[in-house]
Structure formats: C-alpha cells, structure tokens
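**Student:** The structure follows.
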C-alpha cells in the first residue's frame with residue numbers, strides 16, 4: 001500500500017467509522033442464524049450467547065469494582081454465570097446470583113453460583129434477592145432476560161436500587177430493534193434505557209466501556225455515580 005493510500009484510508013475512517021462498525025455488527029450478529037458467532041460461543045464448554053468483546057469489559061469491571069455480589073437476570077444455559085464466577089475465582093472475591101424462569105443449566109455447579117428459578121421481576125424473586133444482598137458493600141447487576149421494553153424498564157427500576165455507588169447495572173442486547181440489528185424486534189432494552197435515564201439522576205451512561213467499538217450493549221453500561 002502506498003503512503004498516499006494509507007493516509008487516504010486513515011482520513012476517511014473517522015467519517016465512516018460508525019457505518020463500518022454497524023455493518024460488521026450486523027454480519028457478526030446475523031451469522032448466528034446459520035450456526036456461527038455469538039450463538040455458537042462457549043466458555044469452558046458451556047454456551048454463553050455473549051459477545052466476547054463485552055465479556056472482556058465485564059472482567060475489567062469486576063476487577064475494578066470487586067463486587068461482593070453479581071446479580072445476573074437471565075441464566076439461559078449458564079455460560080455467562082460460569083464466566084462471571086470464574087473471574088471472581090481469579091480475584092478471590094464475589095459470588096453470582098443468577099435468575100431464570102427455566103432451569104436450562106442442567107445443574108451446572110460452581111461454589112460461587114446460586115440459582116434462582118422465577119421471573120426477575122416477581123415479588124418472590126425480588127424478596128429473595130433483597131435478603132441475599134443485605135449488608136453487601138458492592139453489588140453489580142447484569143440484565144439479560146426478557147428483552148421487551150416494559151420488562152427491562154421494570155428490572156431497571158427494581159435492581160438499580162440495589163446497585164452500589166461506583167458499580168454498574170449492565171443492560172444487555174440494547175443492540176436490537178435496529179440499534180443496529182434485529183429491526184423488527186419492537187421496543188426493547190435501548191428504549192427502556194432511554195426512559196430510565198430520562199427519569200434517573202443516579203446513573204450515567206459510561207461510553208468508555210464501549211472502547212472495543214463492537215458491543216451488544218450500546219448505551220447499556222450504566223454506572224451509579226450518586
């Protein structure tokens with residue numbers, strides 16, 4: 001590549017950056033329909049259904065915040081919970097409470113993981129979570145259950161109260177409904193985030209957590225600052 005062409009590419013990239021990222025994001029996401037990428041991603045042999053770039057950000061947050069409890073709404077097959085617990089192992093701190101309406105994890109056992117079966121917004125589950133997190137100094141929350149706007153907004157209203165200052169509530173899959181993937185999804189996590197942030201002064205959207213450019217959680221890293 002000639003010097004002139006190199007400079008042309010560099011100068012054009014900032015103007016086209018978002019378009020390039022969106023196109024790659026759509027390819028990466030849609031390829032799963034034929035068995036590839038995120039829908040075929042495993043951690044220690046267990047399906048995670050996550051973007052590895054987001055998982056790398058999670059370990060950075062866990063290392064920095066050093067939470068006593070990580071609440072995960074949406075267990076699925078358990079790979080996400082196993083990943084979080086494994087990072088807790090590495091820093092020798094924290095445990096994971098993971099919630100799902102179904103038991104799809106086939107009793108995946110780990111000393112740092114507790115499983116709750118039920119809706120993340122039900123009184124029964126919320127009461128259990130409240131008891132399990134009582135007097136804990138640092139709490140991190142990850143929302144990955146029902147991705148409808150109303151459900152995510154309800155989760156945000158409930159679990160934002162448990163998040164401790166300096167920690168995060170992470171809203172996953174805010175990329176759906178055309179942000180930029182799955183345009184036919186309907187109002188979902190992104191729209192819930194917008195409503196929540198319009199009425200909440202305790203959190204900021206931490207864009208520094210999107211430094212790897214491709215994230216399944218755009219605007220979804222909410223840091224509690226007050």
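**Student:** Along the Cα→Cβ direction, 7 angstrom out, place labels at residue 27 and residue 127. What is the inter-label distance in nm?
**Tutor:** Rounded to a tenth, the inter-label distance reads 5.2 nm.
**Student:** Suppose each label sits 7 Å from its Cα in the direction of the beta carbon; what would the residue 109-residue 89 distance come out to in nanometres?
**Tutor:** 1.4 nm
**Student:** When the chain is fully extended, how far beyond the present Cα-Cα distance does residue 198 get from residue 39, taking 0.36 nm per residue of separation?
**Tutor:** Length gained, residue 198 through residue 39: 54.0 nm.
**Student:** Kindly express, to the nearest 10 degrees and within the range 0 to 90, the angle between helix 52-65's C-alpha long axis and the longest C-alpha principal axis of the chain.
**Tutor:** Orientation of helix 52-65: about 50 degrees from the principal axis.
**Student:** Moving on. Post the alpha-carbon centroid distance, the stretch 167-184 to the stretch 57-135, in whole angstrom.
**Tutor:** First find each Cα centre; the distance between them is then 21 Å.
**Student:** Stokes-Einstein diffusion coefficient for the stretch 100-223 at 25 °C in a medium of 0.890 mPa s, Rh from the Kirkwood formula over Cα pairs: what value in µm²/s?
**Tutor:** So the translational diffusion coefficient is about 159 µm²/s.
**Student:** In degrees, nearest 10, range 0 to 90: what is the angle between the Cα axis of helix 3-30 and the longest Cα principal axis of the chain?
**Tutor:** 40 degrees
**Student:** If you don't mind, another one. Taking only Cα atoms, what is the 0 to 90° angle, nearest 10, from helix 79-91's long axis to the longest principal axis of the chain?
**Tutor:** Once rounded, one gets 80 degrees.
**Student:** Percent antiparallel among DSSP beta bridges with both residues in the chain, to the nearest 5?
**Tutor:** Given both bridge residues lie in the chain, the antiparallel proportion sits at roughly 30 percent.
**Student:** To continue, here is another question. Using the basic label-point model (7 angstrom from Cα toward the beta carbon), what is the residue 165 to residue 19 distance in nanometres?
**Tutor:** Result: 4.5 nm between the two label points.
**Student:** Return the single residue from 175, 40, 199 with maximal mean-square fluctuation; model: Gaussian network over the chain, springs between Cα atoms under 10 Å.
**Tutor:** 199
**Student:** Okay, next question. When Cα extents along the principal axes in Å is calculated directly from the model, which label among [x] 58, 46, 31; [y] 63, 40, 37; [z] 51, 50, 31 fits?
**Tutor:** For Cα extents along the principal axes in Å, the calculated option is [y].
**Student:** Then there is this: Go ahead and estimate [θ] at 222 nm for the chain from helices alone: -39,500 (n - 2.57) per DSSP H run with n ≥ 4, summed, over the residue count, rounded to 500.
**Tutor:** On the way: 6 runs with 86 residues, N = 226.
It lands at -12500 deg cm²/dmol.
**Student:** Still on this structure, I have one more. What percent do you get for the relative contact order of the chain when only Cα pairs under 8 Å and 6+ apart count?
**Tutor:** Working: 384 pairs, mean separation 37.6, N = 226.
Once normalised by length, the contact order is 17 percent.
Any read-out appearing in this document is the output of simple, stated calculations on the displayed coordinates, not a laboratory observation. Nothing here was measured: the structure is a model prediction, and the numbers come from that model. Methodologically, a virtual Cβ is constructed for each residue, glycine included, from the backbone with ideal geometry; neighbour enumeration extends over all protein chains shown.
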